[in-house]
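*Asks:* Pasting in a structure now, in C-alpha cells, and then I'll have a few things to ask.
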C-alpha cells in the first residue's frame with residue numbers, strides 16, 4: 001500500500017470486499033478491544049470512524065459512530081449510526097452486551113451463589129459471613145437491587 005494513498009484506497013485495501021447488508025470485516029490491525037485501527041493523518045485512528053467520514057460524512061463534535069451489527073471489526077457504513085456516549089451505553093444494555101453478574105471482573109459471587117443467597121432463610125449477617133460479603137450486599141440481592149435479572153425463587 002503506497003504511503004500516500006487516499007483514505008478510500010486504504011480502507012478498501014484493509015477491508016474485506018463490500019457486500020450490501022453484510023458486515024465488511026476490517027482485515028488490518030485491531031485494538032485490544034477488537035476495533036479496526038488505521039494510521040491516518042499521522043496518528044492511529046478507529047477504522048469505523050474513518051469509514052464513516054469517508055462514506056457518510058463528518059462526525060459532529062461529541063458524537064460516536066455506533067454499530068447496528070454490534071461487530072467492532074465491521075467497517076460497512078450501512079451498519080453505522082451516530083449517537084452520544086449515553087446512546088451507546090443504552091444500546092449496549094438494551095442488546096444485553098453490558099457486563100453484569102459474573103462477567104464483571106470484580107464480582108465476588110457467582111449466579112448460583114446469588115440464587116442461593118436469595119433462597120437462604122438465615123439472618124443476613126450470617127449469610128454475609130458465609131459468602132464473604134457485607135450484609136448490605138445480601139440485602140440488595142434479596143430485594144433484587146443486585147442480580148435483579150435472576151428469576152425469583
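*Asks:* Could you please give the count of residues in the stretch 74-96 that are assigned to a loop (DSSP other than H, G, I, E, B) and touching a strand residue (DSSP E or B) at 6+ places or on another chain (Cβ under 6 Å)?
*Replies:* Step one: filter the stretch 74-96 for residues assigned to a loop (DSSP other than H, G, I, E, B), giving 75-76, 84, 95-96.
Keeping just the survivors that are touching a strand residue (DSSP E or B) at 6+ places or on another chain (Cβ under 6 Å) gives 75.
The total comes to 1.
*Asks:* Report whether or not residue 33 is modelled with pLDDT under 95, under 18 Å from residue 78 (Cβ atoms) and within 24 Å of the chain's Cα centre (by Cα). It would help to see each step written out before you state the result.
*Replies:* Values: modelled with pLDDT under 95: yes; under 18 Å from residue 78 (Cβ atoms): no; within 24 Å of the chain's Cα centre (by Cα): yes.
Considered against the rule, which asks whether it is modelled with pLDDT under 95, under 18 Å from residue 78 (Cβ atoms) and within 24 Å of the chain's Cα centre (by Cα), residue 33 comes out as no.
*Asks:* What residue, among those in the stretch 36-52 that are in contact with a helix residue (DSSP H, G or I) (Cβ under 8 Å, 6 or more places away or on another chain) and touching a residue at least 24 places away in the same chain (Cβ under 8 Å), is farthest from residue 77 (Cα to Cα)? Steps first, please.
*Replies:* Here is the first cut: in the stretch 36-52, the ones in contact with a helix residue (DSSP H, G or I) (Cβ under 8 Å, 6 or more places away or on another chain) are 36-38, 40, 47, 50-52.
From the residues that got through so far, the ones that are touching a residue at least 24 places away in the same chain (Cβ under 8 Å) too are 36, 38, 40, 47, 50-52.
Details: 36: 14, 38: 16, 40: 18, 47: 11, 50: 10, 51: 7, 52: 6 Å.
Step by step, filter the stretch 36-52, then rank; the result is 40.
*Asks:* In this structure, is residue 99 part of a helix (DSSP H, G or I) and either in contact with a helix residue (DSSP H, G or I) (Cβ under 8 Å, 6 or more places away or on another chain) or free of Cβ contacts under 8 Å to residues at least 12 places away in the same chain (or both)?
*Replies:* Spelling it out, it is not the case that residue 99 is part of a helix (DSSP H, G or I) and either in contact with a helix residue (DSSP H, G or I) (Cβ under 8 Å, 6 or more places away or on another chain) or free of Cβ contacts under 8 Å to residues at least 12 places away in the same chain (or both).
*Asks:* Touching a helix residue (DSSP H, G or I) at 6+ places or on another chain (Cβ under 6 Å), loosely packed, with under 11 Cβ neighbours inside 10 Å and free of Cβ contacts under 8 Å to residues at least 40 places away in the same chain - does that describe any residue in the stretch 76-89?
*Replies:* no
*Asks:* Evaluate the following for residue 3: is it under 30 Å from residue 144 (Cα atoms), assigned to a loop (DSSP other than H, G, I, E, B) and modelled with pLDDT under 90?
*Replies:* no
*Asks:* Also, quick follow-up: Within the stretch 51-72, can you find the residues that are outside any helix (DSSP H, G or I) and within 18 Å of residue 20 (Cβ to Cβ)? Break it down into steps so the answer makes sense when it comes.
*Replies:* The first filter runs over the stretch 51-72 and keeps only residues outside any helix (DSSP H, G or I), leaving 56-72.
The answer is 56, 67, 68, 69, 71.
*Asks:* Out of everything in the stretch 102-123 that is assigned to a helix (DSSP H, G or I) and closer than 30 Å to residue 48 by Cβ, what residue ends up being nearest to the chain's Cα centre (by Cα)?
*Replies:* So the residue we want is 103.
The values are calculated or read from the model by the stated rules, or taken from the named source; none is laboratory data. All of these numbers come straight from a predicted model, not from anything done at the bench. In this analysis, Cβ positions are derived from the backbone assuming ideal geometry, glycine residues included, and neighbour counts consider all displayed protein chains.
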